[in-house]
1. Considering only residues that are within 15 Å of the chain's Cα centre (by Cα) and surrounded by fewer than 24 Cβ atoms within 10 Å (Cβ to Cβ), which ones fall in region A:38-60?
2. Taking the criterion of being assigned to a helix (DSSP H, G or I) and in contact with an Asp or Glu (Cβ under 8 Å, 6 or more places away or on another chain), would at least one residue in region A:140-163 satisfy it?
3. Of all the residues that make up region C:151-185, how many are part of a helix (DSSP H, G or I) and more than 14 Å from every other protein chain (Cβ to nearest Cβ)?
4. Six or more apart or on different chains, Cβ atoms under 8 Å: show the pairs whose first residue is in region B:65-88 and touching a residue at least 60 places away in the same chain (Cβ under 8 Å) and whose second is in a helix (DSSP H, G or I) and polar (S, T, N, Q).
5. So is A:G113 assigned to a helix (DSSP H, G or I), crowded, with 24+ Cβ neighbours inside 10 Å and facing chain B (nearest Cβ under 8 Å) or not?
6. Hey, can you tell me all the residues within region B:227-269 that are over 16 Å from the mean Cα position of the chain (by Cα), surrounded by fewer than 17 Cβ atoms within 10 Å (Cβ to Cβ) and either among the hydrophobic types (A, V, I, L, M, F, W, C) or assigned to a loop (DSSP other than H, G, I, E, B) (or both)?
7. Out of the residues in region B:193-207 that are hydrophobic (A, V, I, L, M, F, W, C) and at the interface with another protein chain (Cβ under 7 Å from one of its Cβ atoms), state the one that is farthest from B:Y124 (Cα to Cα).
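The values are calculated or read from the model by the stated rules, or taken from the named source; none is laboratory data. Nothing here was measured: the structure is a model prediction, and the numbers come from that model. No Cβ is skipped: glycine too gets one built from the backbone with ideal geometry, and neighbour counts run over all protein chains shown.
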Amino acid sequence: MSDDRLFLSTDKPPAEPASLVDDFTPGLITQANHHLCPGCGEPIAIRAAMEAAEELALAERTVAVFGIGCYTAFAHNLDVEVVQALHGRAPSVATGIKRMLPEGFVVTFQGDGDMVNEGLQEVLHAAARGENITCLLLNNGVFGETGGQMTTTTTLGQRTKTSIEGRNPHQHGHPILLSDLTATMDGAAYVARCAVNNAGNVARTKRYITRAYESQMAGAGFSLVEILTMCPTGWFVDTLEGPEYLQNTLAPVHNIGELKTP
Amino acid sequence: MSERVLIEGSEAMARAAVAAGCRFFAGYPMTPFTELLEHMAGLLPEVDGVCMNAESELEAVGMAWGAATTGHLAATGSTGQGLSLMQESLSEITNARLPLVVFNMARGQGDYFQATRGGGHGDYRHIVLAPMDVPEAVELTQLAFDMAGQWRTPVMVLGDYYLAHTYQAVSVPSFDTAAPEVPNWALDGSTGGSGAAKIVSPLGGGVEGEEGFDLGAHYAACAAHIQAMATGVEPLIDAGFCEDAELVVAAYGSVGKFVRYACLRLRDAGHRVGYIRPITLWPFPSEAVHKAASGSAKAAVYEQNMGQMVDDVRLATMGTVPVEFIGGPSWDHSGFGIGPDINVPDISERILETMP
Amino acid sequence: MNSPLAGERELMLTGIGGQGVQLAAQVIAQGAIADGKEVLVFGSYGGMMRGGNTDSTVVISDQPIEAPPVLSATWSAILMHHQYWAPLRVLISDGGLVLVNTSVFEDQLDRDRYRVVEVPATDVATDLGNPLLAAMVMAGVYGRTSGLVSLDGLVEGMRRSVPPYRSQLIEANEAALAKGWEMAA
């Protein structure tokens, strides 16, 4: 890993003036400053989602529905219309919007605690209905906002504040593999899982999200993109170790790839 | 107005809702709310509206929430039991300042507090309208949609089994199929990319880190709005024979119709009894109740529960008259709050026993 | 002061499922509406479609109805069968009007308290070709005897009440209503 890292030299003045963060900010993110932790994967996932929307020229027909988690901070930072929903309830809210705006483009942003714990029935019912919306699951295997407790997607052996010796199936049960479950449903048109822990995976994430959006715009039915995101704070690992931890802990269980295509 | 028809309360309310502009409905079957859902499922397609047989009450209210953000008039409903499940969303919808009509076809009268005290977490109230019969339900359904739009808030229509299943001759308004006017706060995606895309959130609007984004200020504005409704919504009440009454009896909803009928018969028999029937349960018509009870020696409250509205009557009369609770929980084995305790002779007897 | 209750007339019907009690209530109620009156109907029936208890309450007035959906006294009654009539028996007002289907009704009536009109409704219906028309015969008798609903109103009410899949029965129903009306002369 360390070979890939970028080291900045500090022993001489920079050759170019410093660039503003905004220079790298996608057009549909209005305010790049966020207070999410260093190393968090969620801003990368949201960036990919907004870049894909911009590239498909969906901005003027998009309504994004936000669940509750760290990523909720971005609900106020986007230049698309946003509905803030409750923890777990975004798929139903998105359903009501899409049914009244069938020409609109509707996407939800939810974490694993939101979508797979609190709101599992919502996403499964929306998928079964073939609701023509796109749900994005930002899965880091922990409750990030409350400080690293176990969720339904926490993998066996994974240490969290409520499974301090590691998730034990006898005591804590087994993880739910949401994308695999959703892919079995007739109403689901596109289901894929990806990650944002390295450049290749970030590119893949944007590709999958783009396919999900295209699937909705073609009226194919329900689409889900599960994005494995780093939460070094909630995982109790160093910031720089997050990507590798994701690769070794989440990815072997929540397998990356397209699970269902139209 | 179309011709007068013999129509079941559930269908009358559904027709009145669509006539009032309702274009989205989501619900989960539960007696005695079920028929309202069935009628909405049949009627809404006639006006290119949408009715969802939601997978749960949680999802029904969520769907209605989403539909409401698009500026189309939306409604949901259930019984008090299902409303328990919906409360989390109803609280947040209130803070998101969205219009929504909620049909609560309650089982009996045990849910007065749930209906009038906000029902969920947070510091809020909903406008609550309690019709006594089918013709009044038609009127109040129209009013509920008007108020929901005017105040941008959930408005509850509180009915019950009797209202749902009684047939009465009513004139139901015809449907207006013209495209409804969409309010300027509503979402349709079109402000995306403008640099000032709209947001509908129970946490308020604005861009994080910029002026206008302030959760404390948003909650203060929500509280001010509740206060504005408390003083600005016209309280409605039906009262009779209070001027020379020795006793006034308060009751609401279908049960209020039984009590009113009992009072009419007692008047015919020469007893000086009056009745007060609050129609808006929130805001409670405190001033009118106070005035109606002020000339009498005593006030009584009949409701089918352990005593809930009696608190509001006592607050309204502020100790100026003794207020006696003469109701009680339902004996009904069906759980729907229909008889055998709700009957005119029993109510009349309790009233006579309470006469000063 | 005239009581707002003075103009209200109550009717309670009882029978067993399949006798057309709910339909008769609808026809009388719809007929009263066709005649321009105010109407309230509240029905209840057991879980069984056929053979179980079935009751209905109708209130008719020229003014908005004050009565609640469940009555504690009734001015008139239609007794299609004796099986489940006990709860209704005590609700009939003194001086009221009781129509009894003598073809099947087997119980004592409190003849000193109210006026009894005997109608062999099931026999008459059978003569008309279908015993299921008994409730229509009874409705025809009731309209004329009570003075609450006209024959034209009853026929119109019947047309509004018969579901589309039973529309082939409209003619027979109309004949049964007319027969009942004629019998009440």
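1. Within region A:38-60, A:G39, A:P43, A:I44, A:R47, A:E51 meet the criteria.
2. Of region A:140-163, the ones assigned to a helix (DSSP H, G or I) are none.
Checked region A:140-163: no residue is assigned to a helix (DSSP H, G or I) and in contact with an Asp or Glu (Cβ under 8 Å, 6 or more places away or on another chain).
3. Start the filter on region C:151-185 by keeping residues that are part of a helix (DSSP H, G or I), which leaves C:151-161, C:164-183.
Subset that is more than 14 Å from every other protein chain (Cβ to nearest Cβ): C:151-152, C:155, C:164-183.
Here the count works out to 23.
4. Matching pairs, first to second residue: none at all.
5. Details: assigned to a helix (DSSP H, G or I): yes; crowded, with 24+ Cβ neighbours inside 10 Å: yes; facing chain B (nearest Cβ under 8 Å): no.
Judged against the criteria, A:G113 is not a match.
6. B:A228, B:E243, B:D244, B:E246, B:A269, listed by residue number.
7. The initial filter retains those residues of region B:193-207 that are hydrophobic (A, V, I, L, M, F, W, C), namely B:196-197, B:199-200, B:203, B:207.
Next cut, at the interface with another protein chain (Cβ under 7 Å from one of its Cβ atoms) only: B:197, B:199-200, B:203, B:207.
On the way: B:A197: 28, B:I199: 21, B:V200: 18, B:L203: 14, B:V207: 25 Å.
That would be B:A197.
The rows are residues; the columns are (1) crowded, with 16+ Cβ neighbours inside 10 Å; (2) modelled with pLDDT of 90 or more; (3) of a type in the set (A, V, I, L, M); (4) over 30 Å from C:I28 (Cα atoms).
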site	(1), (2), (3), (4)
B:H121	no, yes, no, yes
B:R125	yes, yes, no, yes
B:T153	yes, yes, no, yes
B:M156	yes, yes, yes, yes
B:Y161	yes, yes, no, no
B:A179	no, no, yes, yes
B:S201	yes, yes, no, yes
